[in-house]
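Report on one structure; see the data block that follows.
The values are calculated or read from the model by the stated rules, or taken from the named source; none is laboratory data. Just so it is clear, the structure is predicted and the values come from calculations on it, not from any experiment. So basically every Cβ, Gly included, is an ideal-geometry build from the backbone, and we count neighbours across all protein chains shown. Note: areas computed on protein heavy atoms with side chains; ligands, DNA, RNA excluded. Shrake-Rupley method; radii C 1.70, N 1.55, O 1.52, S 1.80 Å.
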Amino acid sequence: MRRAAARRGGGVPDRFEAEDVKFHRQLREAYRQIAADEPKRCVLIDANADANTVAASVWAALRDRFFAVSVANAVNPA
């Protein structure tokens, strides 16, 4: 929450920033459960790293998913 507020330059918290830690923990666990239940649809990215590392992780996840799909479609067109 501190990162979000700092990125916006402080000020009044938005609706999500105003929620307590319990809310954010529950939300985190719900998203982690979705990712565990649907690994072909969701991937967890550790956003604690620097921005370039996070961006590289996101691009790698996209590449792995979409490249695999495009190759499969090229080999086995519908």
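Which pairs turn up if I take residues in region 43-65 that are farther than 15 Å from R28 by Cβ and assigned to a helix (DSSP H, G or I) and look for partners that are among the small types (G, A, S) and at pLDDT below 95 with beta carbon separation below 8 Å, at least 6 apart in sequence or on another chain?
What qualifies is V54/A47; S57/A49.
Take the residues in region 9-67 that are among the β-branched types (V, I, T) and open to solvent by 80 Å² or more (accessible area, probe 1.4 Å); name whichever of them is nearest to the chain's Cα centre (by Cα).
Only one residue fits best here, namely V21.
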